[in-house]
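Here the structure comes first, spelled out in structure tokens, and everything after it is commentary.
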Amino acid sequence: MEENQIRKVIIMSLAGLLIGSLLFIFGISIQDSILPLIVNYVFAMALYLSSFLAVYNHYKKQKQIIFLYIMVLSFVFIIIITIAMITNLL
């Protein structure tokens, strides 16, 4: 049972990263207005942060290296989309 829960957390956190990335890419692709970019940035950040927090809570319970890897991956995605957001606003 515990192995299935770990697998579920990993899959859901990676799915959150994927959906957040796709939403932000969609927001960047719309060049007419800044509003869709900002809205999709907020949604992507919410997904990234919730994914990070879910993995962090499970990392506190079980010290597995895959959780640490996904936390670093989430942090890298947050930095990348923040830089992309700033460059598109300027």
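The values are calculated or read from the model by the stated rules, or taken from the named source; none is laboratory data. It should be emphasised that the depicted structure is a prediction, and the values quoted were computed from it without experimental measurement. Cβ: placed from backbone, ideal geometry, glycine included. Neighbour counts: every protein chain shown. Ligands, DNA and RNA are stripped out before the accessible areas are found, and what is left, the full protein with its side chains, is counted by its heavy atoms. Shrake-Rupley method; radii C 1.70, N 1.55, O 1.52, S 1.80 Å.
Considering each of Tyr56, Tyr41 in turn, give the residue that is in a helix (DSSP H, G or I) and either open to solvent by 60 Å² or more (accessible area, probe 1.4 Å) or free of Cβ contacts under 8 Å to residues at least 40 places away in the same chain (or both).
Tyr56
Quick check on my filter: what residues within segment 45-90 are modelled with pLDDT of 90 or more, hydrophobic (A, V, I, L, M, F, W, C) and over 29 Å from Glu3 (Cβ atoms)?
Of everything in segment 45-90, those that are modelled with pLDDT of 90 or more, hydrophobic (A, V, I, L, M, F, W, C) and over 29 Å from Glu3 (Cβ atoms) turn out to be Met45, Ile79, Ile80, Ile81, Ile83.
Could you check segment 59-68 and list, in sequence order, the residues that are touching a residue at least 24 places away in the same chain (Cβ under 8 Å) and either open to solvent by 50 Å² or more (accessible area, probe 1.4 Å) or on the phi > 0 side of the Ramachandran plot (or both)?
Hits for segment 59-68 are Gln64, Ile66.
All but one of (1) in contact (Cβ under 8 Å) with a residue 12 or more places away in the chain; (2) under 21 Å from Ile11 (Cα atoms); (3) open to solvent by less than 70 Å² (accessible area, probe 1.4 Å) hold for Val76; state the number of the condition that does not hold.
Every condition holds for Val76 apart from (1).
Considering Ile6, Ile25, Ile11, which residue is aliphatic (A, V, I, L, M) and under 17 Å from Asn88 (Cα atoms)?
Selected residue: Ile25, the only one of Ile6, Ile25, Ile11 that is aliphatic (A, V, I, L, M) and under 17 Å from Asn88 (Cα atoms).
Taking the condition of being in contact (Cβ under 8 Å) with a residue 40 or more places away in the chain and either under 10 Å from the mean Cα position of the chain (by Cα) or in a helix (DSSP H, G or I) (or both), how many residues in segment 6-37 meet it?
12
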